[in-house]
Amino acid sequence: MKAALISLGSTSSKWTYEAMQKYFDTVDNINLKDIEVSVGKEPKILHKGTKIKNYDCIFAKGSFRYAQILQSITNFLFDDCYMPINPESFTYVHDKLLTHLILQKHNIPMPKTYITSGIEGAKALLKNNVKFPIVMKFPKGTGGKGVMFSDSFSSASSILDALAALNQPFIIQEYIDTGGEDLRLIVAGEKIIASYTRVANIREKRANLHSGGTGVPANPDIYTKKIAIKAAKALKADLIGIDILVGPKGPLVIEANLSPGLQGVTKITNIDVADRIAKFLHKKTNERNSNPKEKSANDLLREASKENDSDNEIFSSITLRGNRILIPEIASKISGFTPDEDVIITASKGKIIIKKF
């Protein structure tokens, strides 16, 4: 099986690429910055000006700054191979506003959250509806950047006055006191492949390792793991990092990360997380290749071209237009039928055979 890793070439990506080489026959390591998307009558994904090769698996990942091109790549290629992250996920997860809206839609527990774009409206909200302390966040940002803490109306007002110049929406969220701790769980499909507790620096409220936090191995209870897996499904990502606060109200999802760093979790848990990710990718790719129902039209066309005139089974539901049965487009392409061509139709119960006259 052939695979490709499309990334920005971080240390985590390098580890993942090396691990994928143990499971796939060939693996191409592609820099996201070398990818171009050609949109038009015949859309193409180009790598250094050449159309990207056909793969059984493509793992595309990168920071929020590249969300649009990642969504474009996965939109064009998602039906042609196994990709662990749905195109929509790059929009949802790289925007905290949308992440919280999706979590709310799927009844996933999270801290009480308010979304506001106006400073005066935000101040009115803080006066009448919010209990301090609170957390304020920008929609985009990773590693704890863009997260601010306020323990009073006066300090929050000062922050809001400073934010007015930026003219962008922001999130106001209740502060959950967990002693400066949160959980990072790495989800792979239906399993948690690694998890650890992040502990904030004594001078910090943010537990992120990038903000000076430390970590210790964790073994969350079954309910917390189920919450993380449910969040991953809601955000349509087979591979994702889910951040959870465990306080008096139980586990609450606060953020998600499509490209979680592996150095910290690997060192803290002593688990080869990159290997577990690569193994998961190989398993899912193998399952897809073994299941005809999951094969796309392009897959079947490629197989048909190899097999020339041999029969190709297509798994599809029946589409009716009045009393007429519509044939899937892929069947028309494989058969080579042209408009107004004479055919012989043989029909019996549960069976229809169409042949050129």
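Here, each number is a calculation from the coordinates, and none is a lab measurement. Remember, it's a predicted structure, so these values are computed and weren't measured experimentally. Counting neighbours? That spans all protein chains shown, and the Cβs are built from the backbone with ideal geometry, glycine included.
Some notes on this structure:
- Residue order for T224, T113, fewest other beta carbons within 10 angstrom first, comes to T113, T224.
- Values of log10 I(q)/I(0), in the order q = 0.11, 0.18, 0.20 Å⁻¹, for the range 18-150 under a Debye, Cα-only, solvent-free model: -0.57, -1.05, -1.21
- Beta bridges by DSSP in the range 2-92, antiparallel share as percent, to the nearest 5: 35
- Ascending count of other beta-carbon atoms within 10 Å, so fewest first, for K191, K123: K191, K123
- Taking only the Cα atoms of the range 112-175, the radius of gyration and Dmax are 10.6, 31 Å.
- Spread of Cα-to-Cα distances over 10 Å intervals beginning at zero, given as percent, for the range 1-43: 28, 41, 23, 8
- Reducing the range 149-176 and the range 1-78 to their Cα centroids gives an inter-centroid distance of 38 Å.
- What the Cα convex hull of the range 215-277 gives, in volume per residue, is 95 Å³.
- The order of Y82, Y23, Y223, going from fewest to most other C-beta atoms within 10 Å of their C-beta, is Y223, Y23, Y82.
- Binned Cα-Cα distances of the range 2-92, short to long, each 10 Å bin given as a whole percent: 17, 53, 28, 2
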